[in-house]
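The values are calculated or read from the model by the stated rules, or taken from the named source; none is laboratory data. In this text, all values refer to a predicted model and were calculated from it rather than measured experimentally. Methodologically, a virtual Cβ is constructed for each residue, glycine included, from the backbone with ideal geometry; neighbour enumeration extends over all protein chains shown. In case anyone asks, the SASA skips ligands and DNA or RNA and just uses the protein heavy atoms, side chains included. Shrake-Rupley method; radii C 1.70, N 1.55, O 1.52, S 1.80 Å.
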Amino acid sequence: MTSTEFFQQLINGLSLGAFYALIALGYTMVYGVLRFINFAHGDVFMIGAFCGYYLSPRLLPHFTGGLTPLGPVAVLILTMLICALLGVTIEKLAYRPLRQRPKLTVLITAIGVSLFLEYGGQFVFGADPKSFPELMPDRAIAGTGALTITTTQLAAFIVTICLLVALTFIVKRTRLGMAMRALSNNPTAAALMGVNIDVVISFTFAQLSIDRSAYGSSPRDQGIRCGCSRRHRKHSGRRRWRNYSRRCGDICRWLGFFNLSRRDRILAFNRDFAFPSSRNFRTCA
Amino acid sequence: MLELSNLAVNYGSIIALHDVSLKVEKGAIVTLIGANGAGKSTTLRTVSGLLKARHGNIRYEGEEIGNLPPHRIVERGISQVPEGRMIFANLTVRENLLMGAYLRKDRHKLSAEFDFVFEIFPRLKERSRQVAGTLSGGEQQMLAISRALMSRPRCLMLDEPSLGIAPILTKTIFEKIVEINQSLGITILLVEQNANLALEISHYGYVLETGRILLHDRSSALRANERVKSAYLGGR
Ligand SMILES: Nc1ncnc2c1ncn2[C@@H]1O[C@H](COP(=O)(O)OP(=O)(O)O)[C@@H](O)[C@H]1O
Ligand SMILES: [Mg+2]
């Protein structure tokens with residue numbers, strides 16, 4: 001491997017890794033505060049992507065001239081708000097009534113929510129792949145020599161870093177963040193301190209939905225698609241109990257999707273939904 | 001100040017309290033003693049709003065509080081030191097204390113509260129940056145009490161503060177409880193299995209047995225009571 005190739009893969013790895021970091025963050029935040037795995041995580045994320053998809057053509061034309069760079073920001077913020085609302089609603093309708101129940105009950109409900117969003121999404125948005133509108137021009141940044149860094153990669157990386165810093169700040173330095181940590185440590189004691197558990201949990205969900213959607217709608221040049229592939233469906237029909245790995249697989253596929261660099265890859269992707277990580281890396285141009 | 005009348009509480013189909021009535025006068029130390037499983041913790045949890053009573057009333061300063069959520073009850077000035085301390089093990093001592101003052105609006109001027117709890121428990125001051133989970137059992141109990149004081153309660157409920165603590169430290173902690181009551185005028189409801197100590201520092205006592213108040217009297221009278229002596233004071 002040449003050193004150029006090495007650094008290129010390093011860059012690719014960082015941009016993909018940033019992406020994984022955000023997903024992982026969402027999972028661990030719910031797990032950390034509520035001690036259950038939110039299977040619907042990837043699906044809210046999917047909704048975020050579709051918000052971006054439908055909002056962009058409606059919002060972007062309003063930002064012309066000097067305002068053009070604000071267009072993607074507006075899409076991002078609106079998507080965040082929608083997803084925050086969705087996250088809070090899911091928590092309120094599906095998870096809150098089960099707060100005192102065994103964790104397994106909530107877990108199964110989360111799978112239900114996930115299926116609801118997935119098939120609801122297919123019903124509303126259709127199951128065909130859609131190509132995500134260009135929020136910003138995607139081109140290689142000049143002056144990096146033999147290495148290729150695209151504006152999209154850079155933007156995604158910056159968005160991730162900003163969100164990570166913001167979340168760290170919230171969790172470590174604010175009153176609400178402290179309440180989240182206390183709640184995760186001992187919910188009873190937190191309630192005895194006067195923490196309104198419902199508010200903190202709603203906030204947690206809003207917060208993660210925000211970073212999910214941030215990524216869902218962050219600038220990229222690929223396609224989005226709702227639901228499962230044929231192959232995947234067959235598989236899950238046979239082995240529904242393996243839902244956990246299935247959901248992880250879902251997320252991984254989404255990841256793969258978001259990181260595809262060329263439209264033609266999407267077709268290939270739909271034909272074969274094998275674990276895509278090996279293809280996520282952009283090879284040297 | 002605090003008055004429970006005919007309180008009945010269930011855990012699902014398990015009846016934990018059948019009929020509990022008790023009264024805590026302002027400025028007093030009242031103790032609730034009873035064997036393991038008698039329903040002492042259940043009583044405190046119900047007052048704090050963590051459990052809902054099946055029937056019965058809880059009145060605090062003349063107002064019914066039985067249907068309020070826990071954070072509203074803290075807001076009104078009742079705070080609890082739960083059984084087993086329940087400190088936030090992954091937070092620092094300082095953060096634990098800040099959590100105690102969670103509902104305080106004037107959070108930037110808590111120095112009086114910090115000074116005050118550090119004066120009662122100087123050991124916490126030295127350890128304020130330490131992660132609370134690494135404190136010893138006795139120090140954790142001090143922290144739990146301090147944390148409950150940070151909200152400036154008018155009524156403090158303690159659930160078995162002697163649990164799992166060396167006898168010598170228990171004595172110190174009970175002295176502190178008296179100090180909190182006398183110097184601050186905080187009303188105290190003390191739940192204990194260690195009836196000896198509890199009756200020594202309290203003014204009035206209730207004896208709870210399987211979800212019912214068996215008897216109640218001034219603490220000095222209870223200590224002389226034959227039944228209490230044989231069942232709770234080790235026959236001495
Ligand atoms: N979470 C619970 N679920 C079911 N039963 C419980 C629960 N907590 C306590 N109990 C029962 O309620 C009764 C009273 O318990 P508790 O109030 O903890 O007693 P104490 O504090 O006096 O030792 C006991 O019989 C206990 O088994
Ligand atoms: Mg108890």
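For peptide B:144-153, the mean count of partner chain Cβ atoms within 10 Å of a residue's Cβ comes to 1. Is region B:1-68 rounded, prolate or oblate when judged by the Cα gyration tensor, a ≥ b ≥ c being the square roots of its eigenvalues, rounded requiring a/c under 1.5 and prolate requiring a/b larger than b/c? Oblate is the answer for region B:1-68, as a/c is 1.5 or above yet b/c matches or exceeds a/b.
Using a probe of 1.4 angstrom and keeping all protein chains present, the accessible surface of region B:46-155 works out to 43 square angstrom per residue. Overall, the anisotropy analysis places region A:1-123 in the oblate class: the square-rooted eigenvalues a ≥ b ≥ c of its C-alpha gyration tensor yield a/c not less than 1.5, with a/b not exceeding b/c. Over all Cα atoms in chain B, the spread is summed up by Rg and Dmax: 17.2, 53 Å.
Considering only alpha-carbon pairs that sit under 8 angstrom and 6 or more positions apart, the relative contact order computed for region B:78-236 is 23 percent. Its DSSP H runs of at least 4 residues, each contributing -39,500 (n - 2.57), put the calculated 222 nm mean residue ellipticity of the protein assembly as shown at -17000 deg cm²/dmol, to the nearest 500. Measuring max minus min along each principal axis, the C-alpha atoms of the protein assembly as shown give extents of 91, 48, 46 Å (largest first). For region B:78-207, the Cβ-based charge dipole about the Cα centre amounts to some 560 debye (Lys, Arg positive; Asp, Glu negative; other atoms uncharged). Where the accessible area of the protein assembly as shown is counted over protein heavy atoms with a 1.4 Å probe, how much of it, in %, is carbon and sulfur? The C+S portion of the solvent-accessible surface of the protein assembly as shown is 59 percent.
In this structure, the residue pairs whose Cα-Cα separation is over 27 Å, taken from A:Lys103/B:Lys23; B:Lys52/B:Lys125; B:Lys40/B:Lys171, are A:Lys103/B:Lys23; B:Lys52/B:Lys125. Interface size, chains A and B: roughly 1900 Å² of accessible area buried, both sides included, 1.4 Å probe, rounded to the nearest 100. With θ taken as phi - 60° and the Karplus curve 6.51 cos²θ - 1.76 cosθ + 1.60 applied, the whole-hertz 3J(HN,Hα) list for region A:165-180 is 5, 4, 5, 4, 4, 4, 5, 8, 10, 9, 5, 5, x, 5, 4, 5 Hz, x standing for glycine and proline.
Centre-to-centre separation between the Cα atoms of region A:29-93 and those of region B:1-71: 45 Å. Distant-in-sequence amide contacts of B:Ala28, defined by a placed amide H-H separation under 5 Å and a gap of 5 or more residues or a different chain, comprise B:Ile188. Counting pairwise Cα distances across region B:63-143, what percent come out greater than 22 angstrom? Looking at region B:63-143, the distances longer than 22 Å represent 29 percent of pairs. Peptide A:179-189 has a mean shielding of 6, counted as Cβ atoms of other protein chains within 10 Å of each residue's Cβ.
Less than 5 angstrom separates the built amide H of B:Met157 from those of B:Ser79, B:Gln80, B:Val81, B:Leu189, all sequence-distant by 5 or more or on a different chain.
Peptide A:192-205 has a mean of 5 when you count, residue by residue, the C-beta atoms of other protein chains within 10 Å of its C-beta.
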